[in-house]
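The structure under discussion appears below in the form of structure tokens.
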Amino acid sequence: SDDNNKVYAHLMIACEDDVTFRIIEKATSDEFPEGDARLAWTNLYKKFEPNTGSRKVRCKSEFLKTRLVDVGDDPNDWIRQLELIKRQLNVLGDKLDEEDLMLHILNNMPSKYENVVQTSKEDLMDGELTMSKLTKRIRNRYCQLKKENDDDQEEQVALYAKKNGRPKCNHCGKIGHMSKDC
């Protein structure tokens, strides 16, 4: 069919190495002797997403080790990584639900997020916490911490400038000129 040929062609175009190319090239059937897209996809899935016990152990270990260590790291990236691992584990038959994910997040955050963690744990116990609500709280705290860090850096620059004789403008707050020159 036309759809099969289009999908098969897209798979061929997407090849980045010889192994992938050979898997797709060998995917033929009686119905589609020039290339069977469904068979190609199935073979690619078997090759690159094997459902093995060792893979499940590696994924589970990676999930358990993944923490938000640095307060300066964007927690959205960390949460996305955890959600990806969770999906992989679910495909491998290790069903993690949203509550498992939220508990892992709450138990692996830096101490600067303590208020968010405490409030969220209470909401989780009351059955009132959703992943959306948790990520929103974490994002708000991250923005607050980032602003505090930026303010601290700005203050340090101002102190350095003052020590070295560079004036700070009382009108606009920038360093290097005075308000009369602003």
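The values are calculated or read from the model by the stated rules, or taken from the named source; none is laboratory data. The model shown is predicted, which means the values in this text are computed figures rather than measured ones. Positions of Cβ are generated from backbone atoms using ideal geometry, with glycine treated the same way; all protein chains shown enter the neighbour counts.
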Please name all residue pairs, on different chains or six or more residues apart, with Cβ atoms under 7 Å, provided the first residue is in segment 116-138 and is on the phi > 0 side of the Ramachandran plot and the second residue is modelled with pLDDT under 95 and surrounded by 13 or more Cβ atoms within 10 Å (Cβ to Cβ). none
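The rows are residues; the columns are (1) at pLDDT 95 or above; (2) over 16 Å from Ile79 (Cβ atoms); (3) more than 20 Å from the chain's Cα centre (by Cα).
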{"site": "Met109", "(1), (2), (3)": "yes, no, no"}
{"site": "Val116", "(1), (2), (3)": "yes, no, no"}
{"site": "Thr119", "(1), (2), (3)": "yes, yes, yes"}
{"site": "Glu128", "(1), (2), (3)": "yes, yes, yes"}
{"site": "Lys136", "(1), (2), (3)": "yes, no, no"}
{"site": "Arg139", "(1), (2), (3)": "yes, no, no"}
{"site": "Glu148", "(1), (2), (3)": "no, yes, yes"}
{"site": "Asp152", "(1), (2), (3)": "no, yes, yes"}
{"site": "Lys163", "(1), (2), (3)": "no, yes, yes"}
Just for helices (runs of 4 or more DSSP H) wholly inside segment 1-88: which have at least 1 residues that are among the aliphatic types (A, V, I, L, M) and closer than 30 Å to Thr135 by Cβ? 53-65
Identity of the residue in segment 1-46, within 28 Å of Leu89 (Cα to Cα), in contact with a helix residue (DSSP H, G or I) (Cβ under 6 Å, 6 or more places away or on another chain) and not β-branched (Val, Ile, Thr), that ends up surrounded by the fewest Cβ atoms within 10 Å (Cβ to Cβ): Cys15
